[in-house]
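Have a look at the structure below before the remarks.
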Amino acid sequence: MNPLVELHHFGQSFWYDNIRRKLLQDGTLQRLIAEDGLRGMTSNPSIFEKAIGGSDDYDAQMKELIAAGADDTAVYEALAIADIQAACDLFAELYVASERGDGYVSLEVSPYLARNTEGTVAEARRLFTAVNRPNLMIKVPATPQGIPAIRQLIGEGINVNVTLMFSMAHYEAVAQAYIDGLRDLTAAGGDPRRVASVASFFVSRVDTAVDAELEKLDESDAPGLLGQTAVANSKIVYQRFRQLFHGPIFADLAAAGAPVQRLLWASTSTKNPAYSPTLYVDELIGPQTVSTMPPNTVEAFRQGGTVANTLESDVPVAQAVLDCLAELHIDLDQITEHLQDEGVEAFASSFTQLMETIAAKRQSL
């Protein structure tokens, strides 16, 4: 059987970390859904920059928008919203069949707003209204300013994909914001069954950063630790997910039909060529999770992925890896805070590049 399809038998949903107008129109997305068991889609400014700048798929709509006097930001939003709406419509049948469990498509608020709570809330509301699809998720970063925005949006019944999480501290703040938001929603008379959220926990970047620190040590001081931290970090966070959402803290909300906030494994493409291209999918398969994969990882896993309930195996080993890092005076909390800051800057840079690409397209058209 296709390993991508098999993932769902182990309680994991496979989402596609990619969007482009052509794949929405030429049947590619429909085939991924029908043949590979695809159950959702994510996007970000970098993906849109490559799609818009690297193709002529958007030229006709851009000409119309430019002729109507749209500025570069308005052009981007119109192009992105059209793609997101089309993707949401292609997933609509799955969204209904899964009883709102899957079939979501994610659209990110401007990365320039990562440190602006009120701005994030206002833009998320506006985009959710503009797309006007129940299976839209708005991506919000797990920055200190993003956390209260997440609670506010969940409390208003807006689906949220929380992004840029790297540590246990990030995860616990995000999970609490979701739970508090659901309580706000129910207190206001809302239906907690009709809102959904995923917590996107970044994987490969953790290994890249920690491996760089390990390589500064004598090999005898860090035997076998290279390439181990990201999976270990994720497994321990998953244990915390199980405690939070399958224990007394969430019991009343679960009884009211509220869905758990699933962990989503993001940044699943391996950055180190010495590691298996399917490492971060193979090792993080388990119930009530999502694995979002870019095209190269999808192809690699389709061809050679290994499917098993790996997320709940070797948990003591995972904890031992984190303990070893502490003994070696490698501060994982400090590293992951830096990774979040870098992620905010990188997403903002990608958005700037996207605007520059649209400006260049405007001139060429």
Report summary line: For region 244-266, pairs from a residue that is at negative phi to a residue that is exposed (fewer than 15 other Cβ atoms within 10 Å of the Cβ) and of a type in the set (S, T, N, Q), with Cβ under 9 Å and 6 or more apart or across chains, are 249/243
Query raised in the report: In region 169-188, what count of residues is obtained for those that are part of a helix (DSSP H, G or I) and either crowded, with 22+ Cβ neighbours inside 10 Å or aliphatic (A, V, I, L, M) (or both)?
Result: 13
Query raised in the report: Among the candidates 359, 318, which residue alone is farther than 30 Å from residue 49 by Cα and of a type in the set (A, V, I, L, M, F, W, C)?
Result: 318
Query raised in the report: For region 323-330, does any single residue satisfy the condition of being surrounded by fewer than 14 Cβ atoms within 10 Å (Cβ to Cβ), among the small types (Gly, Ala, Ser) and farther than 22 Å from residue 48 by Cβ?
Result: yes
Requested in this report: Check whether at least one residue in region 34-57 is more than 21 Å from residue 354 (Cβ to Cβ) and surrounded by fewer than 14 Cβ atoms within 10 Å (Cβ to Cβ), and report yes or no.
Outcome: yes
Report task. Determine which single condition residue 335 fails, assuming it passes every other condition in (1) under 15 Å from residue 202 (Cβ atoms); (2) in contact with a Lys or Arg (Cβ under 6 Å, 6 or more places away or on another chain). Result -> (2)
Query raised in the report: In region 60-72, what count of residues is obtained for those that are surrounded by 13 or more Cβ atoms within 10 Å (Cβ to Cβ) and either over 30 Å from residue 114 (Cβ atoms) or aliphatic (A, V, I, L, M) (or both)?
Result: 5
Query - Top-ranked residue of region 255-276 - restricted to ones that are out of contact with any Asp or Glu (no Cβ under 9 Å at 6 or more places or on another chain) and surrounded by fewer than 23 Cβ atoms within 10 Å (Cβ to Cβ), ranked as farthest from residue 339 (Cα to Cα) - result: 255
Query raised in the report: Could you say whether any residue in region 139-157 is at pLDDT 95 or above and at positive phi?
Result: yes
Query - region 331-365, residues that are exposed (fewer than 15 other Cβ atoms within 10 Å of the Cβ) and among the hydroxyl-bearing types (Ser, Thr, Tyr) - result: 349, 352, 364
Query - Residue match in region 121-135 (condition: within 30 Å of residue 332 (Cβ to Cβ) and either part of a strand (DSSP E or B) or at pLDDT 95 or above (or both)) - result: no
Query raised in the report: Among the residues of region 260-277, which ones are under 12 Å from the mean Cα position of the chain (by Cα) and within 30 Å of residue 248 (Cβ to Cβ)?
Result: 262, 263, 264, 265, 266
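The values are calculated or read from the model by the stated rules, or taken from the named source; none is laboratory data. These numbers were taken from a predicted model, which means no experiment stands behind them. Glycine gets a Cβ as well: all are built from the backbone with ideal geometry, and neighbour counts include every protein chain shown.
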